[in-house]
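Inspection log for the structure reproduced underneath, given as structure tokens.
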Amino acid sequence: MGKSLFDIEGKVVLVTGGARGIGLMLTRAFLIAGARVYITSRNQDNCYKIAEKMSDLGECKALPADLSKIEEIDRLVSDFGGRETHLDVLVNNAGTTWGSTLDDFPEKGWDKVLALNLKSPFFLMQKFLSLLEKAGDKNDPSRIINVGSVDGITNSIFENISYSASKAALHHMTKVAATKLASRYITVNTIAPGPFLTDMMLPMVDTMGAATIESEVPMKRLGADNDIGGVAVFLSSKAASYITGILLPVDGGLTAAR
């Protein structure tokens, strides 16, 4: 046991949306743990900038792509396949949100959020299957980690109906995919973050104040890098080889309290 049980050194990891927010927290954790990490971002300049910065921690490469478009997913898979023979861990983290009331919610807000938060993770899973299968075996499967949200578990305090719906669907899709892929030595799990101080959260923090949001959390604080990073590293290690199809809230007790 010991270190080897939680060791992911040398594993090849792809983190979508890995240049900011939760994705950047995950990128940092994987690099510190010794993985070789690729990150995607729609913002090409920032993707390369962050990859270069993160290279101080380990091997980090940028593969910019707009994952809301199928042709861009195809290009990403092709670019990645030109660099690597296999993929140990796919982290479907890229996502977006749209704030509007139920009465005024626009069609474009629904379509934008569902396309990136739900459709893209499915096709990323599908199109990376051959590379994931090459990495996994019976005792150490390859991993798919979907990043959901507590807003897909309980009613959100924010006006973000398409976001909540997309994450709830992603949670269920994880369970369906897990049952289909277990025999192919690929585990599929979901992490559901609670409130973390990210770019996506800043508008809510500015509107409501950090203290108000923290008051909703039983542990009375926002999530930090290690809170989410440690969970992702665990799910990618041999310690989690027999875990698939789970939904794991990382939320300081928020969903339990609700």
Sorted largest first, the C-alpha extents of region 36-96 along its principal axes in whole angstrom are 32, 27, 18
Which of Ala35, Ala240, Ala211 moves most in a GNM of the chain, Cα contacts under 10 Å?
Ala211
Sorting check: for 39-45, 124-130, which peptide has the highest mean count of neighbouring beta carbons within 10 Å, and how do the rest follow?
39-45, 124-130
Once amide hydrogens are built 1.01 Å from N within the peptide plane, the residues lying 5 or more places from Ala192 or on another chain with amide H under 5 Å from its amide H are Gly148, Leu248, Val250
Calculated from DSSP helices alone, with each H run of at least 4 adding -39500 (n - 2.57) and the total divided by the residues of the chain, [θ]222 nm to the nearest 500 comes to -12500 deg cm²/dmol
Taking 29 Å as the cut-off for C-alpha to C-alpha distance, list the pairs among Lys61/Lys220; Lys61/Lys238; Lys11/Lys127; Lys53/Lys108; Lys61/Lys119; Lys49/Lys180 that go past it.
Lys61/Lys220; Lys53/Lys108; Lys49/Lys180
How are the C-alpha pair distances of the chain spread across 10 Å bins, as whole percents from the shortest bin up?
7, 32, 38, 19, 3, 0
GNM flexibility winner over the chain from Asp103, Asp79, Asp140 (Cα, springs under 10 Å):
Asp103
Rounded if a/c is under 1.5, else prolate if a/b beats b/c, else oblate: with a ≥ b ≥ c from the C-alpha gyration tensor eigenvalues square-rooted, which is region 65-171?
oblate
Short version: ³J(HN,Hα) in whole Hz for each residue of region 224-233, in order, from phi by Karplus 6.51 cos²θ - 1.76 cosθ + 1.60 (θ = phi - 60°), x for Gly and Pro, what are they?
10, 3, 5, 4, 8, x, x, 5, 5, 5
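Every number in this text was worked out from the coordinates using simple rules, so none of it is lab data. Quick caveat: nothing in here was measured; it's all calculated off a predicted structure. Methodologically, a virtual Cβ is constructed for each residue, glycine included, from the backbone with ideal geometry; neighbour enumeration extends over all protein chains shown.
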